[in-house]
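These notes are about the structure you will find just below.
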């Protein structure tokens, strides 16, 4: 009788311990699986980052070499934008860094050439306008307008403005600009004064009109100026 009771008690203890043991095994399996999964994700992320870095290095070498050898159809602006994008990748590949230095020097030279060409074109156009103005019966007025628009700084422009104003009866002499002509009638832009018009030339740095008609007073001073868009 006593033996049977002991056996029964042992069975009850086993039944109580078994669920706890199974629970511990399950928790261990979950923890181990989670750790393995986490390690796999980190490994995959590292592999993807390495692959992306390698692709960028290859693309950077290809694009920089093409720019260096003039093998692209990109404009200077497009080349500069691509160059800045590659620099933003912050690649530490030695070949890429060497190409970046070479391309940076090349783009600086191209930029300087473009600026020089722009300035040469501006001067050529200015000379052509001056030559055209010199053949006009209003060449003195035209040349003042051109020189004010082409002044390298406000101080010189203001000097030219003061000189030009000596041709007019007052700084408030009206200036009319013809914007279109049809059927013998003129369509005018908003009226202004000679002072305001000269200041406009100084600010805009371009003269796009030509003198159409001038009215004088008895002292030979201009009392009204009519311009027309070229």
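Take the range 159-181 and flag every residue that is part of a helix (DSSP H, G or I) and more than 17 Å from residue 227 (Cα to Cα).
If the condition is that a residue be part of a helix (DSSP H, G or I) and more than 17 Å from residue 227 (Cα to Cα), then 159, 160, 161, 162, 163 are the ones that fit.
Quick one: which residue in 156, 141 is assigned by TED's automatic domain parsing to the domain that holds residue 204, part of a helix (DSSP H, G or I) and touching a strand residue (DSSP E or B) at 6+ places or on another chain (Cβ under 6 Å)?
Exactly one residue qualifies, and that residue is 141.
Does the range 146-158 contain any residue that is at pLDDT 95 or above and within 22 Å of residue 219 (Cβ to Cβ)?
Taking every residue of the range 146-158 in turn, none turns out to be at pLDDT 95 or above and within 22 Å of residue 219 (Cβ to Cβ).
Given 49, 60, which one is touching a helix residue (DSSP H, G or I) at 6+ places or on another chain (Cβ under 7 Å) and at pLDDT below 95?
Of 49, 60, the one residue that is touching a helix residue (DSSP H, G or I) at 6+ places or on another chain (Cβ under 7 Å) and at pLDDT below 95 is 60.
Residues 68, 146, 167, 99: which one is in contact with a helix residue (DSSP H, G or I) (Cβ under 7 Å, 6 or more places away or on another chain), in contact (Cβ under 8 Å) with a residue 24 or more places away in the chain and surrounded by fewer than 17 Cβ atoms within 10 Å (Cβ to Cβ)? Steps first, please.
On the way: 146 fails: surrounded by fewer than 17 Cβ atoms within 10 Å (Cβ to Cβ); 167 fails: surrounded by fewer than 17 Cβ atoms within 10 Å (Cβ to Cβ); 99 fails: surrounded by fewer than 17 Cβ atoms within 10 Å (Cβ to Cβ).
Just a single option satisfies the conditions, and that option is 68.
For residues that are within 14 Å of residue 228 (Cα to Cα) and free of Cβ contacts under 8 Å to residues at least 12 places away in the same chain, tally how many sit in the range 182-203.
Of the residues in the range 182-203, 5 are within 14 Å of residue 228 (Cα to Cα) and free of Cβ contacts under 8 Å to residues at least 12 places away in the same chain.
Please enumerate the residues belonging to the range 180-203 that are closer than 30 Å to residue 123 by Cβ and surrounded by 14 or more Cβ atoms within 10 Å (Cβ to Cβ). Walk me through it before giving the result.
As a first pass, look at the range 180-203 and keep what is closer than 30 Å to residue 123 by Cβ: 189, 192, 194-203.
Passing the criteria: 189, 192, 194, 195, 197, 198, 199, 200, 201, 202.
Do the conditions hold for residue 206, that is, is it in contact (Cβ under 8 Å) with a residue 24 or more places away in the chain, in a loop (DSSP other than H, G, I, E, B) and closer than 27 Å to residue 126 by Cα? Spell out the reasoning first.
Values: in contact (Cβ under 8 Å) with a residue 24 or more places away in the chain: yes; in a loop (DSSP other than H, G, I, E, B): yes; closer than 27 Å to residue 126 by Cα: yes.
Against the criterion (in contact (Cβ under 8 Å) with a residue 24 or more places away in the chain, in a loop (DSSP other than H, G, I, E, B) and closer than 27 Å to residue 126 by Cα), residue 206 qualifies.
The values are calculated or read from the model by the stated rules, or taken from the named source; none is laboratory data. Bear in mind the structure is a predicted one, so any value in this text is a computation, not a measurement. Virtual Cβ from ideal backbone geometry, glycine too; neighbours counted across all protein chains shown.
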